[in-house]
Amino acid sequence: MSTANNMGTALVTGASSGIGATYAERLAERGYNLLLVARDEQRLQRLSQRLQELFGVTAEVLIADLSEARDIERVAQRLRRDQQISLLVNNAGVALSGSMAESDRHSIAALLQLNVLALTLLSSAAAVNFSIAGHGGIINLGSVVALLPERFNAVYAASKAYVLSLTQSLHAEIAHRGVRVQAVLPGMTRTEIWQRSGMTLDPSFDPMIMEAGDMVDAALRGFDEGELVTIPSLPDSADWQNLLQARMQLAPNLSHKQPAARYA
Ligand SMILES: NC(=O)c1ccc[n+]([C@@H]2O[C@H](COP(=O)([O-])OP(=O)(O)OC[C@H]3O[C@@H](n4cnc5c(N)ncnc54)[C@H](OP(=O)(O)O)[C@@H]3O)[C@@H](O)[C@H]2O)c1
């Protein structure tokens with residue numbers, strides 16, 4: 001049991017289940033007051049009550065459907081106006097099963113609204129305020145499928161590649177203003193996202209599935225250590241550094257006046 005302190009308020013999207021609910025609990029344990037955002041009011045109220053009782057923090061519920069422009073703007077406004085907010089966890093997300101060709105256009109549009117547009121507009125609202133304050137943190141939930149786009153639904157994988165790219169760019173733009181940014185790339189994690197998107201987790205996948213608590217604990221450890229990109233499953237962080245280095249080696253040759261000789 002801890003009491004509320006001066007950590008400020010963490011706004012967690014998708015806090016009603018899975019990874020988001022776990023972030024809410026871990027952050028309350030660290031003494032953050034909470035703003036819990038999702039659509040399911042009952043679940044959010046239950047979580048809010050439990051965390052307030054357990055950790056002595058405040059936990060406000062903010063009902064929003066982040067696939068709707070009006071609700072995104074309402075939450076963004078809160079981020080712009082509430083100077084107590086010191087951390088944004090952009091966690092709400094949906095997945096799609098099967099291939100892009102099999103996905104209906106409404107589900108594709110809803111996924112992009114939530115996984116891409118809401119995350120971008122909320123990051124932008126937070127970035128403005130945190131930059132002015134000279135501190136604050138933005139944690140964006142990506143996925144390892146950003147690195148393995150061939151292994152998952154094309155739209156979901158592309159949305160998570162976007163999250164990784166946005167976070168890397170945002171870091172370059174605002175780190176010098178004292179704002180911490182992190183992309184978290186979980187592998188398979190045991191949550192409702194699988195059933196929600198019509199997939200079943202075959203028991204043969206068990207060795208690859210992390211519990212949400214372990215995933216979030218590792219991600220927060222990465223955040224504490226100042227990592228820009230955290231891949232909780234990756235045993236050797238040198239493998240990620242090597243990939244980054246290979247990418248940066250391309251940089252001097254990515255823009256030239258003439259096409260490469262092989263295209264002449
Ligand atoms: N589980 C995995 O294997 C895995 C792996 C890599 C990345 N991730 C990412 O982790 C994040 C959390 O997913 P999870 O696994 O914890 O899934 P989850 O248990 O299904 O949780 C998703 C959360 O998003 C909220 N949400 C869904 N649609 C929403 C909408 N339109 N507006 C507002 N909130 C909405 C849900 O709440 P309501 O239904 O109450 O709105 C729920 O709280 C996602 O971004 C996901 O892509 C998950």
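The values are calculated or read from the model by the stated rules, or taken from the named source; none is laboratory data. All of these numbers come straight from a predicted model, not from anything done at the bench. For neighbour counting, all protein chains shown are included, and Cβ atoms are generated from backbone atoms with ideal geometry for every residue, glycine included. Each accessible area value is taken on the protein alone, full model and side chains, heavy atoms only, with ligands, DNA and RNA left out. Shrake-Rupley method; radii C 1.70, N 1.55, O 1.52, S 1.80 Å.
Arranged from highest to lowest average of other beta-carbon atoms within 10 Å per residue, in what order do the peptides 12-21, 71-80 appear? Write out the running numbers ahead of the final one.
Working: 12-21: 26.1, 71-80: 17.3.
Descending mean neighbour count gives 12-21, 71-80.
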* To do: Can you pull the one-decimal nm distance between simple spin-label points at Ala175 and Glu29, each 7 Å off the Cα toward Cβ?
  => 2.8
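Return a whole-number percent for the relative contact order of the chain, with Cα pairs under 8 Å and 6 or more residues apart as the contact set. All intermediate terms of the calculation are to be shown ahead of the outcome.
On the way: 437 pairs, mean separation 42.1, N = 264.
The normalised contact order for the chain reaches 16 percent.
If one computes P(r) from the Cα atoms of the chain, what percent of pairs lie at distances over 35 Å?
Details: 5573 of 34716 pairs.
The share of Cα pairs beyond 35 Å in the chain comes to 16 percent.
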* Structure fact -> Note on segment 9-263, DSSP bridge orientation, antiparallel percent to nearest 5 equals 0
* Taking the Cα-to-Cβ direction at Ser131 and at Glu53 and moving 7 Å from each Cα, how far apart do the two end points lie in nm? -> 4.3
* Asked: Leaving out ligands, DNA and RNA, what percent of the accessible area of segment 9-97 is carbon and sulfur, probe 1.4 Å?
  -> 41
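How large is the translational diffusion coefficient of segment 124-264 in µm² per second when you combine the Kirkwood radius over alpha carbon pairs with Stokes-Einstein at 10 °C and 1.306 mPa s? List each step's numbers first, then the result.
On the way: Rh = 17.2 Å.
So the translational diffusion coefficient is about 92 µm²/s.
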* Structure fact -> Most packed first (mean Cβ within 10 Å per residue), the peptides 113-119, 229-235 order as 113-119, 229-235
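Mean separation of Cα pairs under 8 Å and 6+ residues apart, divided by the residue count of segment 30-149: what relative contact order is that in percent?
On the way: 128 pairs, mean separation 30.3, N = 120.
Normalised by residue count, the contact order of segment 30-149 is 25 percent.
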* Where only protein heavy atoms count, and the probe is 1.4 Å, what is the accessible area per residue for segment 53-102 in Å²? -> 52
* Kindly write out, for segment 82-92 in residue order, the coupling ³J(HN,Hα) from the Karplus curve 6.51 cos²θ - 1.76 cosθ + 1.60 (θ = phi - 60°), rounded to whole Hz, with x marking Gly and Pro. => 9, 6, 6, 6, 10, 8, 10, 10, 7, 10, 3
